[in-house]
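Taking it in order: structure first as structure tokens, then the write-up.
The values are calculated or read from the model by the stated rules, or taken from the named source; none is laboratory data. If you're wondering where the values come from, they're calculated on a predicted model, not measured in any experiment. Cβ placement follows ideal geometry from the backbone for every residue including glycine, while neighbour counts extend to all protein chains displayed.
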Amino acid sequence: MNPGDYQSHNDGEETRRQLAYIDRLTGYVSTLRDELGRNPRACVVTFGCQMNARDSEKLLGILITAGYDETDEESDADLILYNTCSVRDNANQRVYGRLGVLKGYKKSNPHLKVVLCGCMMQEEACVNKIRTSYSFVDLIFGTHNIFKFAELMCEMFENSGHPGTQVWNETDQIVEELPVRRKYSYKSGVNIMFGCNNFCTYCIVPYVRGRERSRSPKDIIRECEKLAADGVKEIMLLGQNVNSYGNDFEEGNPDKISFAKLIDEVTKVEGIERVRFMTPHPKDFSDELIDVIANNKKIARHIHLPLQSGNTEILRRMNRKYTKDDFLNLVNKIRTKLPDVAITTDIIVGFPGETKEDVDDTIDVVRKSAFDNAFTFIYSKRTGTPAASFEDQVPEDVVKENFDRLLKVVQDTAKEQSLKYKGQVQEVLVENVNDHDDSLMTGRMSNNTLVHFPGGEDLIGKMVKVKITECHGFYFFGEIAE
Ligand code: SAM
Ligand code: SF4
């Protein structure tokens, strides 16, 4: 199928409205420039996952188009925007902590506007707390109306002094083609879908991001073509559960293609050299996808496959819809058909009712799966999720002990896995000058780990072959291969 055969879902009307608001916003920014005697500066801070990072690029794109300069320094900014996360409580607490500091900045810069958006703002209790304890915040909006950012900014300038809050409960809209300011010239995330229908019992995402909505293949491929034309080499396809892509399209709709088919199409875009995806759900990981990865070397040799727990009863209570054996069988199949693929995972410790023996099951899966890396999280009780009202919450000291036991095995397993790369020649996308030693460059291997090697800045954004000489667990040293 050609990109032209797919239908765009976007008639462009809302895009045109928002572009007109960006124009209007330019006027407010220009007035501000006259008052300041310089370009106003905007600082966008992202909390949380790759989806938020991508949203922040869109928000910054609008601000820059309207005339703001970008700054990384909050103390220097005339607009500070926090794009928040609420997956775990510590993310919420970090936002509250930093808001306390912003109050001081507001006093020294009367022009400063503080804007909050993202998942936390979809929680009524958070918005109420901000309204009462941090009343200096100028604008609050949620995840569903993020495409209205320019419109909301205009309202903020028009109603100066009256804090604006606009949080929607749902949307079925996907608005395409608004400006984006990418953080990296050579790689980019591309949303393929928004929201989640899985309702894992610990997780707040379905409540703050809404139901699954897939973008049309045509819009996705057009975006990838534009990115490639702009010098992007690596694309990461983003969604909360990428392998349920297209499930929301009706039968008979030509857009209804599988995720496996979609990723294959994306790799055909001229100029794109590597395609990643994040995150697949183990319950939906098809044989078709494994075969497509096996036959397509442009698809990165990395699969992030969240386990969450290795105990079948805990998995049932988490509503994950797979058992310990299902997971192990899937890993086995992947390891057999894709021997060069790195597998990483997410694990939660301390889910209600979890015993030491249950964690032993998780440790068993870590050992048998030989994960290349694992992100381990302590269970965080999220108000409104089913697990928050489970009565058998686990005491903190038990969680801590289990967490430390698991972490040790995760680290040992990862280190062992990394040794297999020693002596190998790997394709590396060069990302930046090494943070600690400017004679070294840092690049990303197909398996998603970093490698440092001698080289010049002219290599940034290029694919080079690097021979791995030293393994340090989560990173490597190497040298350019002849
Ligand atoms: N949709 C993806 C998935 O299913 O893996 C990503 C969801 S979430 C943003 C990323 C990770 O956060 C999850 O895989 C899970 O391990 C962790 N997480 C989600 N809710 C959590 C909670 N209440 N407490 C601790 N960790 C949590
Ligand atoms: Fe949360 Fe589960 Fe959806 Fe991932 S699949 S976002 S963990 S509900």
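Here K415 passes the criteria (1) under 19 Å from T345 (Cβ atoms); (2) surrounded by fewer than 20 Cβ atoms within 10 Å (Cβ to Cβ); (3) modelled with pLDDT of 95 or more except the one numbered (3). Filtering region 27-63 to residues that are out of contact with any strand residue (DSSP E or B) (no Cβ under 9 Å at 6 or more places or on another chain) and not in a helix (DSSP H, G or I) leaves only G37.
Take the conditions (1) away from ligand 2 (no atom under 16 Å from the Cβ); (2) modelled with pLDDT of 95 or more; D11 misses just one of them, which is (2). Residues that are hydroxyl-bearing (S, T, Y), within 16 Å of ligand 1 (Cβ to nearest atom) and outside any loop (DSSP other than H, G, I, E, B) within region 163-218 comprise Y207, S214, listed in sequence order. Determine whether R17 is surrounded by fewer than 17 Cβ atoms within 10 Å (Cβ to Cβ), at pLDDT 95 or above and away from ligand 2 (no atom under 16 Å from the Cβ). Here the answer is no, as R17 does not meet what is asked. Taken over region 185-204, residues that are farther than 16 Å from N243 by Cβ and either out of contact with any strand residue (DSSP E or B) (no Cβ under 7 Å at 6 or more places or on another chain) or within 11 Å of ligand 2 (Cβ to nearest atom) (or both) amount to 6. With respect to the stated conditions, Q426 is farther than 20 Å from D325 by Cα and crowded, with 20+ Cβ neighbours inside 10 Å.
The sole residue among I257, I272 that is more than 16 Å from ligand 1 (Cβ to nearest atom) and under 26 Å from E427 (Cα atoms) is I272.
So that you can scan it fast, the table gives a plain yes or no per residue for (1) away from ligand 2 (no atom under 16 Å from the Cβ); (2) over 23 Å from M278 (Cβ atoms):
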site	(1), (2)
F375	no, no
S380	no, no
T383	no, yes
V394	yes, yes
L406	yes, no
T413	yes, no
F453	yes, yes
E457	yes, yes
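Cβ separations smaller than 8 Å between residues 6+ apart or across chains give the following pairs from region 183-210 residues that are of a type in the set (S, T, N, Q) to residues that are within 9 Å of ligand 1 (Cβ to nearest atom) and in a helix (DSSP H, G or I): N191/M51; T201/A387.
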